[in-house]
Structures are given as structure tokens and as C-alpha cells.
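The values are calculated or read from the model by the stated rules, or taken from the named source; none is laboratory data. Please read all numbers here as calculations on a predicted model, not as lab measurements. Every residue, glycine among them, receives a Cβ derived from its backbone with ideal geometry; neighbour counts consider all protein chains shown.
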Amino acid sequence: MTQSIRIHEIGNYMLRQYLLETPQGWIALDSGYAGGFSAYRHKLEKRTSIGQVKYVFLTHSHNDHAGFLTELVQKSGAQLILNEQSLPRLARGENVMPEGTGFTTRAGVMLSALMKRSSFPPVLPDETTVILRSEVDQPFLAAGLPIRVVFLPGHTADSIGLYLEETRELLCGDAAGNAIIAPARQAIVIEDVPAFAASWDKIISLDPRCIYPSHGNPFGVEDLVRFRSKLDDLTLFYPKKH
Ligand SMILES: [Fe+2]
């Protein structure tokens, strides 16, 4: 069977909110900013009922992705699927920016203070949470869905994405971007440049037909091929230390 998974998007250019319609129910990718659940639910229910969301897949633990995660999981009754490395970050309910985290533009540095101040309701796992420790853990494939979890660290250590094997489409979270806020398909924030570059190499070797970022418009893998060498000598910008 082909074309069994359909991608929906109910966010906007600055923050995409993807939903996957599958034969086994709907998968929500991430949530959105704290306080955004009502608006999100309103948009979602133009496509399906909240109870049809069977899984919530977290691409990483930044506040624009995890802001109303707990509410979404509780109101839908969905199973939360996340990277083990997201757990300590989610428990804090704030953006964690480890030593060395930098910005790909000078303007982006201005976001640093905002990111540090942006809190969200802490997210704690329950007995239904699926905790992924490596790519050996493939809950969707195990359930018979042609959706592969791909670990894509670099933007954050806990970044993961979903690859739709039948249609060769990749939902990459912030492992790459295509919004005006960052250049050359990069993320605006990078924790680890070599890891970020290695994740691009992994994406390129997957050879997806289309890449859906969380910020900006979908694009082809040829963009990553074109811009990959920029990551070899990428200079990040850092906020001034106080
Ligand atoms: Fe992010």
C-alpha cells in the first residue's frame, strides 16, 4: 500500500504544526508555544477530532515545540513519543542551552535572552510514554506504519525526526530550516555544529524527496547538498557573558 500516510499542516510559516493522518489514527508533531492549545485545537478539529490523535511525537524540547505538550497529550489521550534525552530538559520547563550553544546570525543572538526567559509547563512522562533511546527503538515501524524515527542531533542533543518511507518525505524538526530567520537551511540555534553537520549528512544519505522543517517552507534535499560545505567552517555568534 502506498500513500497511506497523509501530511497535514495547521501552523504557519514561522512555526509549522504537522499532523500525520495514518490508518492507525493521527500523529501530532510537537505542540506549539505555551498557552496555544485552544487555538491549536480549534485548527486541528477542522481536520479531525482531538480524540483521533493517537500519538504525539516530540522533535525536541524547545519551548515553541513543547509549550503545550502536556495539555495536548492529556486532552487527546495520545501516547507521547520522545527522545530519552528530552526528559531532563522537559522536566525543567525551560529552554536548556548547554555551554557552546550559538546562533547562526548576529541578529539571532538577540533571541538568546528571549529563549532563556521562555518557560513552559514542565512535561513528565507517564506509564504510557514511549521513550526512545536510539534508532533501534522504532515504535511506528513496530506498529506496522512505514514511519521511521531518525535521530538528528546538533540543533539540540535531543533532536529527532520522522521519515515517511513510502513517500520519502522527512519531517526534520529544527535539524534544518527554511524561514527568513536563518541562512542556508540552517537552524537559528545550534548546540553542536559537527553533530548538526553529521545529521545533514545522514539526511542527504536518506535522499528524501521532500523535507518539511518546523520553521519555513518545505524544500528539496538538493538544498542541503548545496549548503552542506558552509557547515564545515561555520562561525556561530554568542551572547555576551554577564
Ligand atoms: Fe528548536
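None of Ala182, Ala197, Ala176 is within 26 Å of Glu99 (Cβ to Cβ), under 14 Å from the mean Cα position of the chain (by Cα) and crowded, with 17+ Cβ neighbours inside 10 Å except Ala176. The single condition from (1) surrounded by fewer than 17 Cβ atoms within 10 Å (Cβ to Cβ); (2) closer than 25 Å to Ala157 by Cα that Ser86 fails is (1). A Cβ distance below 6 Å, combined with a sequence gap of six or more or placement on separate chains, defines the contacts here; from segment 212-237, residues that are within 17 Å of Ala179 (Cα to Cα) and more than 16 Å from the ligand (Cβ to nearest atom) reach residues that are at pLDDT 95 or above and part of a strand (DSSP E or B) in the pairs Asn217/Asn178; Pro218/Cys210; Pro218/Tyr212; Phe219/Asn178; Phe219/Ile211.
Which of the residues spanning segment 68-78 are touching a helix residue (DSSP H, G or I) at 6+ places or on another chain (Cβ under 8 Å) and either over 13 Å from Ser31 (Cα atoms) or surrounded by fewer than 18 Cβ atoms within 10 Å (Cβ to Cβ) (or both)? Hits for segment 68-78 are Lys75, Gly77.
Here the condition is being in contact (Cβ under 8 Å) with a residue 60 or more places away in the chain, outside any strand (DSSP E or B) and on the phi < 0 side of the Ramachandran plot; of Pro183, Pro194, it holds for Pro183 alone. A single member of Leu234, Leu170, Leu224 is under 13 Å from the mean Cα position of the chain (by Cα) and either assigned to a loop (DSSP other than H, G, I, E, B) or at pLDDT 95 or above (or both), and it is Leu170. With respect to being without any contact (Cβ under 8 Å) to a residue 24 or more places away in the chain and surrounded by 15 or more Cβ atoms within 10 Å (Cβ to Cβ), Arg148 fits the description. Suppose we filter segment 158-171 for residues that are buried (at least 24 other Cβ atoms within 10 Å of the Cβ) and without any contact (Cβ under 8 Å) to a residue 60 or more places away in the chain; how many remain? The qualifying residues number 1. Scanning segment 48-64 for residues that are surrounded by fewer than 24 Cβ atoms within 10 Å (Cβ to Cβ) and within 12 Å of the ligand (Cβ to nearest atom) yields Asn63, Asp64.
Segment 67-167 holds no helices (runs of 4 or more DSSP H) entirely within its bounds that carry 2 or more residues that are among the acidic types (Asp, Glu). Lys116 satisfies every condition listed in (1) surrounded by 22 or more Cβ atoms within 10 Å (Cβ to Cβ); (2) among the basic types (Lys, Arg); (3) free of Cβ contacts under 8 Å to residues at least 24 places away in the same chain except (1).
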